[in-house]
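The structure appears right after this line, and notes come after that.
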Amino acid sequence: MAEQISFEPPRGMRDFYPADMVWRTRVFDAFRAAGEAAGFEPYDACVVESYELLARKAGEEVGEQIYHFNDKSDRHLALRAEMTPTLARMVAQRQGTLAFPIKWTTIAQCFRYERMTKGRKREHYQWNCDIVGEESVLAEVEVLGAACDALRRMGLTNADFRVHVSNRALLSELLAASGIPADLHAQVFLALDKRGKMPDEEIAAMLRDGGVDEAGVKATFAIMDLKTLDEAEQLAGAGSPAVANLRELFRLAELAGFADCLVFDISVIRGLSYYTGIVFECFDTQREFRAIFGGGRYDNLLTTIGGRPTPAVGLGFGDVVVGELLRSLGLADSTARPDLVCIGYLQPEQRAAATRLAARLRAEGRAVDLRLRAQKAKAFFAHAGERGTHAVYLGPDDLARGTARLKDLATREETEIPLA
Ligand code: HAM
């Protein structure tokens, strides 16, 4: 006998049975519709990348989570952990011919060897919307507006989520004003991103290890306690470009109709080191779940991989957390059942007529589930009630008459249709 293998998928990977596809389709449909409504063009790429493109500087968590392997020709390859390096590579490859700014969107399956917690899997789908080649903060507003639109299309309201917004350039200004030299800021960002995930004492130790002196550590924590943009402005000084940038973002979001969804939050840092300006993370208002989506401005990534300097901004919005949130709010079920005609028959003698009818209805553009075997009426209608919106059940009398009855399962109304 064959050795029994596990029927479970590998740890952290998911199967999607038809019942699971209900919420997933709802989420993906909202992603696609919101991307399209905001004028983003779809793109795609292979899940496998060269490891070299994805490898990270020390300190970035995602660098340690990459699934990588050598192929039979000894190429060092990896499964993408996020789409952004691939997007940067694709843009760099056609930098001379693309008409900037470009607005691109995709739903990409990503792999990270994560410690498994609520909201974190080792594989997830991530909706990305990026605008490459635009310096103006209207790019951030367009990306954020699309994300808020997707949440609303899933059935969520403004009361259910908040997008927390900050600016790494502002944090840099504040750190510099507190005497922390610019070359330490990248380390400080990575340490501060761990806040909430580890005790402040350990973060302070990370800062000291990174070369921040005692006064600097104290100042850093004081900055993290700032509550409003006005407070931040007082510390940064009037005329701070980073504050002006944030104020413009809030002003444009007001005009775009989603300013209510935004809050200033200095503690949003982001765990990826390529961000250079505005950064954001969306959370459920109860703060029960991990981040629903995150993103920001990354003006230097193109040059880091050898492309020409090109400003960029974008977001990644995973399916896992929002799926959990929708289920917790009772919004995961589909409301509309797509049109489907189930065709069944009592005896093998009616099978040919059923097959012909199915072909005809499909040619007319209807979706048809043709039963593969003859069934008793009770069993057929039980199935049709589960799956379909309409049913046709053929017996010898229908063939003799040359007509069938198409039944609307919701209204119970019947329409005679010819079999010929
Ligand atoms: P990220 O914050 O690493 O950003 O991921 C973005 C989103 O993907 C998260 O907010 C979460 O919804 C989802 N996500 C990430 N890791 C997992 C996981 N292990 N399990 C489930 N969901 C996960 C990025 O990846 C950036 N590349 C986003 C971006 C695009 N920035 C600019 N453009």
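Summary table
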| item | result |
| --- | --- |
| Yes/no for ALA159 being open to solvent by 40 Å² or more (accessible area, probe 1.4 Å), away from the ligand (no atom under 15 Å from the Cβ), farther than 26 Å from THR303 by Cβ and not in a loop (DSSP other than H, G, I, E, B) | yes |
| So ALA2, is it in the same structural domain as LEU192 (by TED's automatic domain parsing) and either more than 27 Å from GLY119 (Cα to Cα) or surrounded by 13 or more Cβ atoms within 10 Å (Cβ to Cβ) (or both) | no |
| Verdict on GLU142 being open to solvent by 30 Å² or more (accessible area, probe 1.4 Å), within 15 Å of the ligand (Cβ to nearest atom), in a loop (DSSP other than H, G, I, E, B) and of a type outside the set (Gly, Ala, Ser) | no |
| Tally, over the stretch 121-135, of residues that are more than 6 Å from the ligand (Cβ to nearest atom) and under 15 Å from the mean Cα position of the chain (by Cα) | 5 |
| Within the stretch 172-185, tally of residues that are closer than 12 Å to GLY211 by Cα and under 31 Å from the mean Cα position of the chain (by Cα) | 1 |
| Total residues in the stretch 285-323, condition closer than 20 Å to ALA55 by Cβ and more than 8 Å from the ligand (Cβ to nearest atom) | 8 |
| Residue in the stretch 67-88 that is nearest to GLY307 (Cα to Cα), counting only those that are within 13 Å of the ligand (Cβ to nearest atom) and open to solvent by 20 Å² or more (accessible area, probe 1.4 Å) | LEU79 |
| Residue list for the stretch 153-183, filter: within 18 Å of THR276 (Cα to Cα) and of a type in the set (D, E, K, R) | ARG168, GLU173, ASP183 |
| Residue ranges of strands (runs of 3 or more DSSP E) in the stretch 294-371 with at least 3 members open to solvent by 10 Å² or more (accessible area, probe 1.4 Å) and under 30 Å from GLY119 (Cα atoms) | none |
| First in the stretch 345-372 and acidic (Asp, Glu), second anywhere and open to solvent by 40 Å² or more (accessible area, probe 1.4 Å), Cβ under 8 Å, 6 or more apart | GLU349/PRO396; GLU349/LEU399; ASP369/ARG387 |
| Search result, residues across the stretch 186-204 that are open to solvent by 40 Å² or more (accessible area, probe 1.4 Å) and either over 32 Å from the mean Cα position of the chain (by Cα) or not basic (Lys, Arg) (or both) | ALA186, GLN187, GLY196, MET198, PRO199, ASP200, GLU201, GLU202 |
| Those residues of the stretch 259-284 which are away from the ligand (no atom under 12 Å from the Cβ) and either open to solvent by 10 Å² or more (accessible area, probe 1.4 Å) or of a type in the set (Gly, Ala, Ser) (or both), in sequence order | ALA259, ASP260, LEU262, VAL263, PHE264, ASP265, SER267 |
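The values are calculated or read from the model by the stated rules, or taken from the named source; none is laboratory data. Fair warning: this is a prediction, and the values are worked out from it, not measured in the lab. Using ideal geometry, Cβ is built from the backbone for each residue, glycine included, and neighbour counts are taken over all protein chains shown. Ligands, DNA and RNA are excluded from the accessible area calculation, which covers all protein heavy atoms including side chains. Shrake-Rupley method; radii C 1.70, N 1.55, O 1.52, S 1.80 Å.
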